[in-house]
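Taking it in order: structure first as structure tokens, then the write-up.
The values are calculated or read from the model by the stated rules, or taken from the named source; none is laboratory data. Everything numeric here is computed off the predicted structure, so don't read it as measured data. No Cβ is skipped: glycine too gets one built from the backbone with ideal geometry, and neighbour counts run over all protein chains shown. For the accessible areas, the whole protein counts, side chains as well, though only heavy atoms, and no ligand, DNA or RNA atoms are used. Shrake-Rupley method; radii C 1.70, N 1.55, O 1.52, S 1.80 Å.
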Amino acid sequence: YALIADTSTDVGRNCFAFNEISPGGFTPRFGGDIEDRSITAGTSGLWGLGEWDDMQYDVSFAIGENTSNFYLRNTFNPSMGEDSPTDFYTGGYSQLEKTLNIDFVKPLPIHAGNVLNLAAGLEWREEIFEIMAGDPTSYLPGPLADQLFAIGSNGFSGFTEDSSGKFTRRNYALYIDTEAQISEQLVLGAAIRYEDFTTFGDTTNFKLSGRWQLTEEFAIRSSLSTGFRAPTMGQANVSNTQTSISEGQLTQVLTLPALNPVSQTLGGTALSPEESESMTLGITYVVDNFFITLDYYRIDVSDRITLSDNITPTDEQRSAMEALGVENVALIGEVNFFTNDFSTETQGIDIVANYSTELMRGSTVFSFAYNWNKTDVSEFSDITGEYKVRLLEESLPEHRATLTLFQTWTRFSAFIRANYYGEYWAVHVGWDETAIDASSVITVDAQVQYAISDAFSVAVGANNLFDQQAEALDFDPALGDWGAKYYETSPHGINGGLWYLKARYDY
């Protein structure tokens, strides 16, 4: 950022700008410290009591915590002017989870010597999400706030005392799962799960599955199920301010909980779970050294959770916020929040085929995998916006395929793999003005390995052997490139080729 004061006038000489203490501008440097801790304990075995002596049990308890503390250097709190520090502790997040599982499995004899496998269990879980406040200088307004200088450390404003705190959710679940070999050809399964949350109530979901072996070589399989995903405690309570790019311009974007008065004024409502319905239908064919599977799937998800578009409040909305007690409404630039705002229909086809033979005096395996996947947004509102809809529908290739040749000799082994990525809609810095229809691409991976002994081996190889580059940025240079050379949405990454040498020891 280069903020310049015109010192050739009396007004300019009496104003403050950061070129006075940072003549070449400044670039905020964001970093953090992350700590992960977890421990799990449990026991399993046979019940061993009378008629239940063959019932298996499994009991476990796990506790884990992740803590992230954030720091910002080489920046300023503009509202503090020349008294602003340049380094800030901007606060942190912590997620603590405790989970207790108790599971039982009991085989029950049915007709003709077949067995019904019955499983049941319960789960209790507690989640505690904490927001830790940053240094006061990273979020408090300074004396220049009245002159509309931005409040908070530039680049990422610190978490405030008002937004900090602990947010707790508990839930428990019960389930029953059955699978039965009805005959030599037919296997059927059914499961049901009930779950209750302290934050939004309960939900019941099920799954039905089956596999029919028509011949020794050919089988049909299918499943039908419902599901859900609860909003995370972070999504429900997150609050931060960061400098983002909107319509090609740097702007302060405020992310708030959906039930914050600012969010509610702009259309925010309490988050609810995403709900899904899915079905699969597939075939398998195995003969000698060849097998192939073909599966079709469809997944419908309603009330999907997403960040809203960045919304600039109108004067009328700012007045409504002020009436609700929101301070410094004139300094609110753009706002977003998590919301249940759209539904999707996803369908696809998976094909996997393998053929084993002997070539070049060794063992040879040819493998082929192909996926077609298409997502359509069936409903959405202006809170999500048409741009995000197109991102969901077109930013990933619909077609993806790999073809691999794997060769093994006594001590040597090698593979070569071709990867195909179909066309996609490439976007840079979240701005549709930069978007293009990107071409399909093929990359090649290869590796050669030598086993020095049964335990020790060395290998040399490459991912993206021929250094296939990502789609290069191609739009009006006057709009800026924000320090990038490639579209970051490239499905095969932006780093080009990776060559490696590795050693492995098994003990």
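Below is a table of values for the structure above.
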quantity: So Gly158, is it in contact (Cβ under 8 Å) with a residue 24 or more places away in the chain and on the phi > 0 side of the Ramachandran plot; calculated: no
quantity: Residue count, region 38-53 (criterion: more than 16 Å from Asp103 (Cβ to Cβ) and in contact (Cβ under 8 Å) with a residue 12 or more places away in the chain); calculated: 2
quantity: Counted residues, region 146-174 - those being farther than 25 Å from Pro85 by Cα and aromatic (Phe, Trp, Tyr); calculated: 2
quantity: Where Glu327 falls short, out of the listed (1) part of a loop (DSSP other than H, G, I, E, B); (2) open to solvent by 40 Å² or more (accessible area, probe 1.4 Å); (3) more than 30 Å from Pro28 (Cβ to Cβ); calculated: (3)
quantity: Pick from region 428-444, criterion modelled with pLDDT under 90 and β-branched (Val, Ile, Thr), ranking: nearest to Ala418 (Cα to Cα); calculated: Ile436
quantity: Filter result (over 35 Å from the mean Cα position of the chain (by Cα) and open to solvent by less than 30 Å² (accessible area, probe 1.4 Å)) within region 82-120; calculated: Ser84, Lys106
quantity: In region 418-456, residue farthest from the chain's Cα centre (by Cα) [restricted to those that are of a type in the set (Val, Ile, Thr) and assigned to a strand (DSSP E or B)]; calculated: Val448
quantity: Of the criteria (1) open to solvent by less than 50 Å² (accessible area, probe 1.4 Å); (2) farther than 27 Å from Tyr296 by Cβ, which one Ser367 fails; calculated: (2)
